[in-house]
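First the structure, in the form of structure tokens, and then the observations on it.
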Amino acid sequence: VVFSLLGVCRPLPSCASWSRCIYSVTGKWEKDYSKDTRIAVENYWFGKLLKDSKEAQVFQSDRPKYYVLPMFPYPSGRLHMGHVRVYTISDTAARFQRMNGYQVLHPMGWDAFGLPAENAAIERGLHPDTWTKSNIEYMRKQIESLSLSFDWDREISTCDPDYYRWTQYLFLKLYHSGLCYRKQALVNWDPVDQTVLANEQVDENGRSWRSGAIVEKKYLKQWFIRTTHFSDSLRRGLEELTEWSKYVKAMQSWWFGECNGCYFDFRLEG
């Protein structure tokens, strides 16, 4: 027995006159939704959902555009239920907007460049390139098994030279414009992963979100971007985002930082 509000199946006799109805392959209501029934449902819809998603991604210039971008996963292992939750939410939003007539861009990629991936490969005695790409292949199959409607033709990986050549290009543009500089600064240091953590990656007990180690404070020389040069204009731009949550806007404003102040010189005598 397979149920759906989207499929073209045979309606149940008891609700044939409804404008909206539950549809079934057999025309019978299955009261016991057993494990076998669940597997039958998944097997029935798996290929159909992927086929429908592919057809829905064909570009049509006359349709309004809508962009759904979930956070890309780290390919340092396998997908877990946290990934399933996040990508089910984005998939629901993408499908809903397609049903409303939008041309939806719903891409997938891999946040695959950094020390966590390298450390995971070292632990297993593998080259980071081999380890990361094998994880990408496995995780892609996991995502496809969920019948999520990602546009795989636009898949990117941040460890691919065709991708990071552009991040390097942008960095050089910022550097030559005087917007990048190096200095010593206090950081959150994970002594196990041997990497720097953002404040959001340190839990309320002062432990790393990845390794569980007690996070240390240490000074490191690192690169900075002079975002404070644009703090005022960025903050003014937030006022135009009327549909954004006030909490998200407040967080963005904190990240921009303040840039109020003045320059002055002291004349020294003697």
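Quick notes on this one:
- Test for Val68: is it within 30 Å of Asn135 (Cα to Cα) and modelled with pLDDT under 85: no
- Filter result for the condition that a residue is among the small types (Gly, Ala, Ser), free of Cβ contacts under 8 Å to residues at least 12 places away in the same chain and either open to solvent by less than 70 Å² (accessible area, probe 1.4 Å) or more than 25 Å from Asp162 (Cβ to Cβ) (or both), over Gly82, Gly77, Gly101: Gly82
- Every residue from the stretch 154-165 that is part of a helix (DSSP H, G or I) and either touching a helix residue (DSSP H, G or I) at 6+ places or on another chain (Cβ under 6 Å) or surrounded by 11 or more Cβ atoms within 10 Å (Cβ to Cβ) (or both): Tyr163, Tyr164
- Strands (runs of 3 or more DSSP E) completely within the stretch 54-115 that count 1 or more residues being touching a Lys or Arg at 6+ places or on another chain (Cβ under 8 Å) and under 17 Å from Arg140 (Cβ atoms): 107-110
- The set of residues from the stretch 195-228 being closer than 22 Å to Ala117 by Cβ, of a type in the set (A, V, I, L, M, F, W, C) and in a strand (DSSP E or B) comprises Val196, Leu197, Val202, Leu220, Trp223.
- Look at (1) open to solvent by less than 80 Å² (accessible area, probe 1.4 Å); (2) in contact with a Gly (Cβ under 7 Å, 6 or more places away or on another chain) and you find that Ile214 fails only one, number (1).
- Residue ID - nearest to Ser145 (Cα to Cα), chosen from residues in the stretch 62-102 that are in contact with a helix residue (DSSP H, G or I) (Cβ under 7 Å, 6 or more places away or on another chain) and of a type in the set (Lys, Arg): Arg78
- Flag if Asp193 is out of contact with any Asp or Glu (no Cβ under 7 Å at 6 or more places or on another chain), within 27 Å of Gly109 (Cα to Cα) and surrounded by 10 or more Cβ atoms within 10 Å (Cβ to Cβ): yes
- Residue in the stretch 229-257 that is surrounded by the most Cβ atoms within 10 Å (Cβ to Cβ), counting only those that are part of a helix (DSSP H, G or I) and hydroxyl-bearing (Ser, Thr, Tyr): Ser231
- The set of residues in the stretch 58-73 that are of a type in the set (A, V, I, L, M) and either open to solvent by 40 Å² or more (accessible area, probe 1.4 Å) or over 29 Å from Trp110 (Cβ atoms) (or both) comprises Val58, Leu69, Met71.
- Asn199, sole failed condition from (1) closer than 30 Å to Gly77 by Cα; (2) open to solvent by less than 100 Å² (accessible area, probe 1.4 Å); (3) under 24 Å from the mean Cα position of the chain (by Cα): (2)
For every residue, the table says whether it meets (1) open to solvent by 70 Å² or more (accessible area, probe 1.4 Å); (2) modelled with pLDDT of 85 or more; (3) more than 16 Å from the chain's Cα centre (by Cα).
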residue: Tyr33; (1), (2), (3): yes, no, yes
residue: Gly47; (1), (2), (3): no, no, yes
residue: Ala56; (1), (2), (3): no, no, yes
residue: Thr92; (1), (2), (3): yes, yes, no
residue: Trp110; (1), (2), (3): no, yes, no
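This table checks each residue for (1) polar (S, T, N, Q); (2) part of a strand (DSSP E or B); (3) buried (at least 17 other Cβ atoms within 10 Å of the Cβ); (4) at pLDDT 90 or above.
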{"site": "Leu126", "(1), (2), (3), (4)": "no, no, no, yes"}
{"site": "Thr132", "(1), (2), (3), (4)": "yes, no, yes, yes"}
{"site": "Glu137", "(1), (2), (3), (4)": "no, no, no, yes"}
{"site": "Lys141", "(1), (2), (3), (4)": "no, no, no, yes"}
{"site": "Trp152", "(1), (2), (3), (4)": "no, yes, no, yes"}
{"site": "Thr167", "(1), (2), (3), (4)": "yes, no, no, yes"}
{"site": "Phe171", "(1), (2), (3), (4)": "no, no, no, yes"}
{"site": "Leu174", "(1), (2), (3), (4)": "no, no, no, yes"}
{"site": "Tyr181", "(1), (2), (3), (4)": "no, yes, no, yes"}
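The values are calculated or read from the model by the stated rules, or taken from the named source; none is laboratory data. Since the model is a prediction, treat every value here as computed from it, not as a measurement. In this analysis, Cβ positions are derived from the backbone assuming ideal geometry, glycine residues included, and neighbour counts consider all displayed protein chains. Note: accessible area is taken over every heavy atom of the protein model, side chains too, but ligands, DNA and RNA are not part of it. Shrake-Rupley method; radii C 1.70, N 1.55, O 1.52, S 1.80 Å.
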